[in-house]
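Note sheet for the following structure.
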Amino acid sequence: MIDQAASVPEGLVSAETSQRARDVPQPHGIWRETLSAYARPRPLRSAVDLITSVVAYLAMSVAMYFALEVSPALAMALAPVSAVFLLRTYIIFHDCSHGSFLASRRANAWLGTLCGLLVLSPFVRWRHDHAVHHATSGDLDKRGIGDLPTLTVAEYRQRSRRGRLGYRIIRSPIVMFGLGPVFAMVIGPRIVARNAPPRMRNSVLRTDLALAAIAAALVWTIGIGDFMVVWAPAALLAGAVGIWLFYVQHQFEDAYWQRSENWSYADAAMRGSSFLKLSTPLRFLTGNIGYHHVHHLNVRIPNYNLPRAHAENPVFQSVPTLSLWDGLRAVRLKLWDEQRGRLVTFAEARAGRA
């Protein structure tokens, strides 16, 4: 889970970037025909996803509340299970933003808005900023929307000592995965730029009002203590896992970063988006988000069709592949080295200077 608007307010996105985002939804050239067969939502399969995400999360939240009558420890023990279903709810929210989960654009918008209340994100604003992410992923000149702060080695060296320290703090695992969920879920989505278009502003304000009303009703009904025990542990755990998943999708050693004049949408998808190779249970728990290379090439493919698209097209067998251990180790990487064409650690950046 990550707030796509956390870096740059929507109102500050350049006209060029916004236009590129509008041009992204469908793949081009040979990929349009090759992948179109997978870009068809299946109603029954989507219903199963809903049951094993939104419905399951709400049911687990109720179970955690009743578990409190037995023992707070029992309720806390259920938090990881609740977090799994909340993470899967976020995947549905994500698919709805691409119009891929249901056949109807309006139905995707309504379901996405409702899921947005569970993941605390304004659907319309998030949908726009996520489209910008797809339009700029891997573009060194278009960083700042829907990505983690990433400096080049040269940019890092040009910063003051305080600036380098600030970057190190932001990129530390404790901040990214500890404080990160608080900012990405609770703080970032509540902020709207003064110069944001009315559609984006209304999306944020209406979501904030709805969340305030829901939270007030729940606190009045069950009390703030029980509410926090039921909601906070699962939400923060799901947020931490979500941020890590987003991190490894584009932050790995041989990732793809180019200046705008050399940037390619297809290359950003095939070379700059990882295939996180997970076991079948973990693929279910993460909503197949590990097939990120396929998703970036065609955003209209619903999550449950991504594995089939990957398996049936030999070209995907040569994409950057990460194991679970590779993904965990990738957290060490902090800077993009333009000379070597890869992400490096702080220690490697220092050694390269010697």
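The values are calculated or read from the model by the stated rules, or taken from the named source; none is laboratory data. Keep in mind that this is a model prediction, so the values were computed, not measured. Cβ placement follows ideal geometry from the backbone for every residue including glycine, while neighbour counts extend to all protein chains displayed. With ligands, DNA and RNA removed, areas are computed over all heavy atoms of the protein, side chains included. Shrake-Rupley method; radii C 1.70, N 1.55, O 1.52, S 1.80 Å.
Computed on the Cα atoms alone, the convex hull of the chain gives a volume of 148 cubic angstrom per residue.
Residue order by solvent-accessible surface for 274, 323 is 323, 274, largest first, with ligands and nucleic acids left out and a 1.4 Å probe. Along the stretch 100-109 the Karplus relation, 6.51 cos²θ - 1.76 cosθ + 1.60 evaluated at θ = phi - 60°, assigns HN-Hα couplings of 9, 7, 10, 6, 8, 4, 5, 5, 4, 5 Hz to successive residues, with x for each Gly and Pro. The chymotrypsin sites (Phe, Trp or Tyr not before Pro) of the stretch 266-354 include none that DSSP puts in a loop with a beta carbon having at most 16 other beta carbons within 10 Å. Across the stretch 129-137, coupling constants 3J(HN,Hα) worked out from phi with the 6.51/-1.76/1.60 Karplus curve, θ = phi - 60°, read 5, 6, 5, 5, 4, 5, 7, 10, 4 Hz, and Gly and Pro carry x.
Summarising the strand pairing of the chain, around 45 percent of its internal DSSP beta bridges are antiparallel. Could you work out the relative contact order of the stretch 194-326, using alpha carbon pairs under 8 angstrom and six or more residues apart, expressed as a whole percent? In percent, rounded to a whole number, it is 20. Nonpolar atom fraction for the chain, defined as the carbon and sulfur part of the 1.4 Å probe accessible area, stands at 64 percent.
Dividing the alpha-carbon radius of gyration of the stretch 116-185 by the rule-of-thumb value 2.2 N^0.38 Å gives 1.30.
Computed with a 1.4 Å probe over protein heavy atoms only, the accessible surface of the chain comes to 46 Å² per residue. Each of 296, 64, 160 was scored by the projection of its Cα onto the charge dipole of the chain, and the greatest displacement toward the positive side belongs to 160; charges sit on the C-beta of Lys, Arg, Asp and Glu.
For the set 277, 334, solvent exposure ranked by accessible area (probe 1.4 Å, protein chains only) runs largest to smallest as 277, 334. Accessible area ranking (1.4 Å probe, heavy atoms, ligands and nucleic acids excluded), largest first, for 344, 186: 186, 344. Enter the angle in degrees (range 0 to 90, nearest 10) between the Cα long axis of helix 161-170 and the first principal axis of the Cα atoms of the chain, meaning the one along which they spread out most. Helix 161-170 sits roughly 50 degrees off the main axis of the chain. Only Lys, Arg, Asp and Glu carry charge here, each on its Cβ (+1 for the first two, -1 for the last two); on that basis the chain has a dipole of about 540 debye about its Cα centre. Under Stokes-Einstein, with the Kirkwood radius over Cα pairs standing in for Rh, what whole-number D in µm²/s applies to the stretch 219-317 at 4 °C and 1.567 mPa s? The Stokes-Einstein estimate is 83 µm²/s.
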